[in-house]
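The numbers here are math on the coordinates, done by the rules we state, and not lab data. It should be emphasised that the depicted structure is a prediction, and the values quoted were computed from it without experimental measurement. Reconstructed Cβ throughout: ideal geometry from the backbone, glycine too, with neighbour counts over all protein chains shown.
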Amino acid sequence: MNILITGGTGFIGSALTKRLVEQGHGVTVLSRSPDKVAQICGSGVNALSSLAHLKAEDNYQVIINLAGAPILDVRWSEDRKQLIRDSRIRLTEQLISSIAQMTVKPELLINGSAIGYYGNQGDTVLTEQSTPYEDFSQQLCADWETAAKQAEQFGVRVCLIRSGLVIADGGGFLQRMLPGFRLGLGGRLGSGRQWISWIHRQDWINIALAMIADSTMHGAYNATAPNPVTNAEFTRILAQCLNRPALLTVPACLLKMLLGEMSQLLLGSQRVMPERLLAQGFKFQYDNLPAALNEALSHR
């Protein structure tokens, strides 16, 4: 298959790209730095610097849309929030316009999303059918999904991956946490009662591969392991895996003062279950947190 990936040089996209190449697929990666694509993704990967360079005769059976500015890197100002939205929603709208012009339409669009779609919902168990609670992250994900679903008018099958926190070596939120935890300075955030729904990157990739292989899959899927944990549990397990204490607590009021509205991402609670994946018989390679963390830490 010929596969186009936006965001293909990122933490998830680069690993997915390498796996697809290993399987013999032809992969093109959209990147603002096309000269770095081969270095990050491998020499057999094609680079595309802009969607404007797509031609009507280009033929991709699958498009995987993962592009988006980092959501946790910079405190949210109104300008930053607009950048976060534009990097996802506007690019997706441009992608749909490109699909409209293609002579041969792709068979499948896999679009990134996140469990932020559900908003902060405390202890409520959330499935793909749950009603969301509106906040910035929820509206961002909802609008992103709405933009992607426009591909259906061209006969394209659309799958939406609502990702939890992704665990793997070499990036993601775990890389941010490790320096403090390795020094014994890790600790829970706020009350620690907020739920963390997570997934190992290998399982995320396997979900995407299942979507490519199974033409019956469509719509939204929660990409989370079936065993979410509280922030306090996550803290304890990570410290245990590192053989370090985790005695500190970061007060919620301090996080709100330092991060403003962005603190919702750390203090909000989403107890998410991958109901649709489990119903289809998907088998998680890493369904418990200690195994997922130990695998990620084994590379260090």
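What is the local net charge at I71, summed over the other residues whose Cβ is closer than 10 Å to its Cβ (Lys, Arg +1; Asp, Glu -1)?
On the way: positive: R80, K81, R88; negative: D73.
Charge balance near I71 sits at +2.
I want the antiparallel fraction of DSSP beta bridges within the chain, as a percent rounded to 5.
Details: 2 of 38 bridges.
Among the beta bridges of the chain, antiparallel pairing accounts for roughly 5 percent.
Anyone know which of P179, P106, P132 comes out most mobile in the 10 Å Cα GNM of the chain?
Among P179, P106, P132, the largest GNM mean-square fluctuation belongs to P179.
Quick one: work out the % antiparallel among DSSP beta bridges in region 152-242, nearest 5. Walk me through the intermediate numbers first.
Details: 2 of 10 bridges.
Antiparallel: roughly 20 percent of the beta bridges in region 152-242.
Set Lys and Arg Cβ to +1 and Asp and Glu Cβ to -1, take the dipole of region 44-137 about its Cα centre, and tell me which of T92, A47, Y133 lies farthest positive.
Sorting the options by dipole projection puts first A47.
Where nothing but the Cβ of Lys and Arg (+1) and of Asp and Glu (-1) is charged, how large is the charge dipole of the chain around its Cα centre, in debye to the nearest 20?
Working: 27 positive and 25 negative charges, 152 e Å.
Here the chain has a charge dipole of around 740 debye.
Against the longest principal axis of the chain, how steep is helix 201-213, in degrees 0 to 90 to the nearest 10, with axes from Cα atoms?
Tilt relative to the chain: about 30 degrees.
Report relative contact order for region 164-300 in percent, whole number only (criteria: Cα-Cα under 8 Å, sequence separation at least 6). Present the calculation step by step, with values, prior to reporting the outcome.
Working: 204 pairs, mean separation 51.4, N = 137.
Rounded, it is 37 percent for region 164-300.
With angles folded into 0 to 90 degrees, how steeply does helix 11-22 sit against the dominant principal axis of the chain? Use alpha carbons for both and round to 10.
50
Treating only the Cβ of Lys, Arg, Asp and Glu as charged (+1, +1, -1, -1), what charge dipole size does region 69-137 show about its Cα centre? Round to the nearest 20 debye. Present the calculation step by step, with values, prior to reporting the outcome.
Numbers: 7 positive and 10 negative charges, 52 e Å.
Rounded to the nearest 20 debye, it is 240 debye.
Among the GluC sites (Glu not before Pro) within region 94-199, which fall in a DSSP loop and have no more than 11 other Cβ atoms within 10 Å of their own Cβ?
Details: sites: E107, E128, E134, E145, E152; in loops: E107, E128, E134.
Passing sites in region 94-199 are E134.
In Å and whole numbers, how far do the C-alpha atoms of the chain stretch along each principal axis, longest first?
59, 39, 38
Rounded, prolate or oblate: which fits region 2-79, taking a ≥ b ≥ c as square roots of the Cα gyration tensor eigenvalues, rounded meaning a/c under 1.5, else prolate when a/b beats b/c? Let's see the in-between values first.
Values: a/c = 2.06, a/b = 1.51, b/c = 1.37.
Because a/c hits 1.5 or more and a/b exceeds b/c, region 2-79 counts as prolate.
Stick to the Cα atoms of region 199-300, pair each with every other, and give me the Kirkwood hydrodynamic radius in Å at one decimal. Can you show the working numbers first?
Numbers: mean 1/r = 0.0630 Å⁻¹.
Taking the inverse mean of 1/r over all distinct Cα pairs, region 199-300 comes out at 15.9 Å.
Helix-only mean residue ellipticity at 222 nm, the chain, DSSP H runs n ≥ 4 weighted -39,500 (n - 2.57), per residue, nearest 500. What is it?
Details: 12 runs with 112 residues, N = 300.
When only DSSP H runs of four or more count, the value is -10500 deg cm²/dmol.
Report, in degrees rounded to the nearest 10, the 0 to 90 angle that the Cα long axis of helix 231-242 makes with the longest principal axis of the chain.
On a 0 to 90 degree scale, this one is about 90.
Taking square-rooted eigenvalues a ≥ b ≥ c of the alpha carbon gyration tensor, is region 35-105 rounded, prolate or oblate, where a/c under 1.5 means rounded and, failing that, a/b exceeding b/c means prolate?
Numbers: a/c = 2.95, a/b = 1.43, b/c = 2.06.
In terms of gyration-tensor shape, oblate.
Shape of region 177-222 from its Cα gyration tensor (a ≥ b ≥ c, root eigenvalues): rounded if a/c is under 1.5, otherwise prolate when a/b > b/c, or oblate?
Values: a/c = 7.40, a/b = 2.35, b/c = 3.14.
Verdict is oblate for region 177-222.
Using a cut-off of under 16 Å, list every residue of region 68-100 whose amide N is near the label point 7 Å from the Cα of L259 along the Cα-to-beta-carbon line.
70-77, 81
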